[in-house]
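Trainee: There's a structure below that I have some questions on.
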Amino acid sequence: MTSYADFYRQSINEPDAFWTEQAKLIDWQQPFTRVCNYDKPPFAHWFEGGTTNLCHNAVDRHLKDRADQAALIYVSTETGVEKTYSFTELHAEVQRMAASLQALGVTKGDRVLIYMPMIAEAAFAMLACARIGAIHCVVFGGFASGSLASRIEDATPKVIVSADAGSRGGKIVPYKPLLDEAIRLSSHKPEAVLLADRGLSPMQLVAGRDQLWSDLRAKHVNDKVPCEWMKSTDISYTIYTSGTTGKPKGVQRDTGGYAVALAASMKHIFDGRAGETYFSTSDIGWVVGHSYIIYGPLIAGMATLMYEGLPTRGLDKEPDGGIWWRLVEKYKVTAMFSAPTAVRVLKKQDPALLKKYDLSSLRALFLAGEPLDEPTARWISEGLQVPIIDNYWQTESGWPILTIANPVEKKASKFGSPGIPMYGYNVKLLHESTGEELTQPNEKGVVVLEGPTPPGFMQTVWKDDARFVNTYWKTVPGKMVYSTFDWGIRDKDGYYFILGRTDDVINVAGHRLGTREIEESISGHAGVAEVAVVGVADTLKGQVAMAFVVPKDASVLANSAEALKLEGEVMKRVDQDLGALARPSRVRFVSMLPKTRSGKLLRRAIQAVCEGRDAGDLTTMDDPSALQQIRDRVEAG
Ligand code: PRX
């Protein structure tokens with residue numbers, strides 16, 4: 001058996017041989033002729049000359065050996081629906097959806113925007129796009145009209161697939177009015193909107209534009225739609241993520257490289273075996289949902305459990321903090337993937353719930369998306385008695401950058417560390433200002449990757465190569481390296497520790513948000529002169545957004561009733577624009593914001609004050625009383 005060190009070394013020193021071997025894990029229609037074209041850094045083109053299809057690899061190729069086995073297990077504790085689709089059934093549903101999209105005019109290369117709750121139709125839609133070579137752009141269902149509109153504008157979809165409503169903890173969230181408003185706000189208009197009607201909220205259909213999935217499904221119930229053979233480098237999807245500016249970036253992914261990367265990760269990291277069940281509690285609106293609810297498990301021939309609902313509510317809609325464990329027992333889940341924030345929610349439940357079910361099928365729990373704190377890791381590790389595998393990655397990477405590849409070689413995890421660099425990732429730590437590589441243990445630096453980035457990694461920013469290069473690859477003077485925008489240290493054993501973002505991205509309950517987007521929304525309120533939003537540590541959610549507002553009318557500062565009213569309005573505005581996820585936990589009013597003499601907002605100093613830490617070097621600060629005001633406001637509660 002190879003050691004992980006050798007495995008890793010080969011991936012970096014002999015990438016062609018390494019990835020040629022991994023590429024055997026998927027089906028190719030045409031074999032590739034060049035493993036990696038890195039002629040024009042930082043653009044890496046994987047498996048040139050090869051043709052394949054993601055839907056073929058996720059669905060069709062399993063029909064031979066496991067046609068009647070479960071492929072998609074759908075469970076909603078919001079609607080009480082529980083349904084299993086075999087590979088044969090999934091194959092049929094995906095073809096119906098593919099035929100419906102084609103009937104609406106969708107062809108290869110067209111964008112299809114998917115704005116959907118966690119329902120099986122969302123999975124059909126993603127796979128159907130992959131099948132016919134359309135580019136899917138899934139937008140998280142928790143986002144509101146403003147966020148959705150900017151994504152419609154950027155993706156210019158021919159068709160949008162949506163539904164009447166989502167549901168959270170029994171509360172119906174109508175999607176259709178949000179979608180209509182977003183389409184109204186966007187200068188780009190889709191030709192058609194395909195709607196799944198769950199019967200949760202009445203819909204007003206727009207004549208000539210809106211179509212019901214039930215109608216089209218019936219029309220195309222027996223249609224056969226072959227897979228479109230895609231070039232390995234053809235785009236499979238884009239997914240929007242936040243960064244330093246208010247404008248979300250469309251992270252663009254290829255086809256062949258992504259399929260290989262996922263197949264390899266299922267084998268070497270997640271130990272996912274065909275015929276078994278994988279349960280990721282994420283949402284299709286996030287990268288984890290793309291990689292490890294839909295494509296990864298299905299490519300591996302596993303059944304994937306797609307779950308809609310809270311971790312604390314049962315199928316009978318009654319409180320049930322053991323629902324996930326009940327599902328692990330029932331469907332014999334072998335690998336589970338969640339986020340630390342969900343575990344922190346479960347930690348508040350009766351610990352006996354972990355002992356109530358037979359969890360012997362489970363081999364590991366994978367957690368990602370935010371730092372895994374030691375008390376949470378210990379609690380779940382003792383409760384489940386299986387390895388808890390932290391994994392660090394990003395929307396941009398598509399699969400883990402740092403973790404432990406136990407199937408390759410068993411290695412101990414260390415509390416607080418997601419692990420060591422994964423094969424294919426040439427991870428380095430660089431000094432923040434000099435850009436020099438840090439080689440000594442425990443030095444703090446920026447986590448970067450040297451190109452070429454491995455298969456599955458983002459190809460570019462959708463429609464904006466310059467933004468891709470300038471945002472990610474030009475942060476260190478004189479060196480072309482990919483910046484993760486995360487601080488990190490590496491200990492003497494080579495384990496990394498992630499210490500938070502270097503930019504203005506915050507992480508609320510495992511969801512990545514840009515503070516600039518929230519600031520832009522708040523500045524739109526007529527009563528707001530200036531605003532700063534920072535992420536503040538929170539024991540349950542990891543971080544929450546906190547807003548400091550300079551009101552146009554200074555009387556707000558002295559009038560608590562007016563301040564309360566304005567706070568409510570600001571929160572509502574963010575709710576309507578971006579979604580409740582982005583809503584600041586508090587809006588505090590101040591007469592000025594702390595800035596440098598050149599007018600740059602001192603966000604990190606504000607954050608430090610909110611968290612009761614030392615505000616650091618303030619020699620460039622213009623007026624120290626601004627920070628004192630923030631301190632006073634925070635202390636006043
Ligand atoms: O700051 C890091 C944090 O989440 C960011 C990426 O978020 P997103 O694009 O939503 O992708 C999530 C994919 C799992 C990172 O830049 N992050 C992610 N995983 C971890 C983490 N921070 C610490 N530990 C992790 N395991």
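The values are calculated or read from the model by the stated rules, or taken from the named source; none is laboratory data. On a predicted model such as this, the values are computed, not experimentally measured, just so you know. Methodologically, a virtual Cβ is constructed for each residue, glycine included, from the backbone with ideal geometry; neighbour enumeration extends over all protein chains shown. Heavy atoms of the whole protein, side chains included, go into the accessibility calculation; ligands, DNA and RNA do not. Shrake-Rupley method; radii C 1.70, N 1.55, O 1.52, S 1.80 Å.
Trainee: Say we look at segment 372-388 and pick out the residues that are touching a strand residue (DSSP E or B) at 6+ places or on another chain (Cβ under 9 Å) and touching a residue at least 40 places away in the same chain (Cβ under 8 Å); which of these is most open to solvent (accessible area, probe 1.4 Å)?
Mentor: Among those residues, the one meeting the criterion is Asp373.
Trainee: Could you pull out every one of the strands (runs of 3 or more DSSP E) wholly within segment 111-176 that has 3 or more residues that are more than 14 Å from Val193 (Cβ to Cβ), touching a strand residue (DSSP E or B) at 6+ places or on another chain (Cβ under 7 Å) and open to solvent by 10 Å² or more (accessible area, probe 1.4 Å)?
Mentor: 171-174
Trainee: Go through Ser397, Ser417 for me and flag whichever is within 24 Å of Asn13 (Cα to Cα), of a type in the set (S, T, N, Q), near the ligand (Cβ under 10 Å from one of its atoms) and part of a loop (DSSP other than H, G, I, E, B).
Mentor: Going through Ser397, Ser417 in turn, the sole match is Ser397.
Trainee: Something else about it: Would you please name the residue that is nearest to Ser280 (Cα to Cα), looking only at residues in segment 345-366 that are assigned to a helix (DSSP H, G or I) and open to solvent by 20 Å² or more (accessible area, probe 1.4 Å)?
Mentor: Val345
Trainee: A further question on this structure: So which helices (runs of 4 or more DSSP H) stay within segment 546-637 end to end and still have 3 or more residues that are farther than 15 Å from Val531 by Cβ and charged (D, E, K, R)?
Mentor: 560-577, 624-636
Trainee: Looking for whichever is under 24 Å from the mean Cα position of the chain (by Cα) and either modelled with pLDDT of 95 or more or buried (at least 24 other Cβ atoms within 10 Å of the Cβ) (or both) here; the options are Gly416, Gly369. Which one fits?
Mentor: Gly369
Trainee: Can you tell me which residue within segment 34-81, out of those that are part of a helix (DSSP H, G or I) and open to solvent by 40 Å² or more (accessible area, probe 1.4 Å), is nearest to Ser11 (Cα to Cα)?
Mentor: By that ranking, first place goes to Arg61.
Trainee: Any residue at all in segment 461-482 that is among the basic types (Lys, Arg), within 24 Å of Ser265 (Cα to Cα), open to solvent by 10 Å² or more (accessible area, probe 1.4 Å) and more than 13 Å from the ligand (Cβ to nearest atom)?
Mentor: No, every residue in segment 461-482 fails to be among the basic types (Lys, Arg), within 24 Å of Ser265 (Cα to Cα), open to solvent by 10 Å² or more (accessible area, probe 1.4 Å) and more than 13 Å from the ligand (Cβ to nearest atom).
Trainee: If you don't mind, another one. Could you say which residue among Leu593, Leu618, Leu602, Leu627 is of a type in the set (A, V, I, L, M, F, W, C) and open to solvent by 40 Å² or more (accessible area, probe 1.4 Å)?
Mentor: Sole residue among the options that is of a type in the set (A, V, I, L, M, F, W, C) and open to solvent by 40 Å² or more (accessible area, probe 1.4 Å): Leu618.
Trainee: For segment 258-316: of the residues being at pLDDT 95 or above and among the charged types (D, E, K, R), which is nearest to the ligand (Cβ to nearest atom)?
Mentor: Result: Asp283.
Trainee: Can you tell me which residue within segment 222-262, out of those that are touching a Leu at 6+ places or on another chain (Cβ under 7 Å) and of a type in the set (Val, Ile, Thr), is surrounded by the fewest Cβ atoms within 10 Å (Cβ to Cβ)?
Mentor: Here the residue is Thr255.
Trainee: Of everything in segment 216-250 that's in a loop (DSSP other than H, G, I, E, B) and within 15 Å of the ligand (Cβ to nearest atom), which residue is farthest from Thr475 (Cα to Cα)?
Mentor: Per the criteria, the residue is Pro248.
Trainee: Applying the selection to segment 498-542, what residues are open to solvent by 10 Å² or more (accessible area, probe 1.4 Å), polar (S, T, N, Q) and either without any contact (Cβ under 8 Å) to a residue 60 or more places away in the chain or outside any strand (DSSP E or B) (or both)?
Mentor: Thr502, Ser523, Thr539
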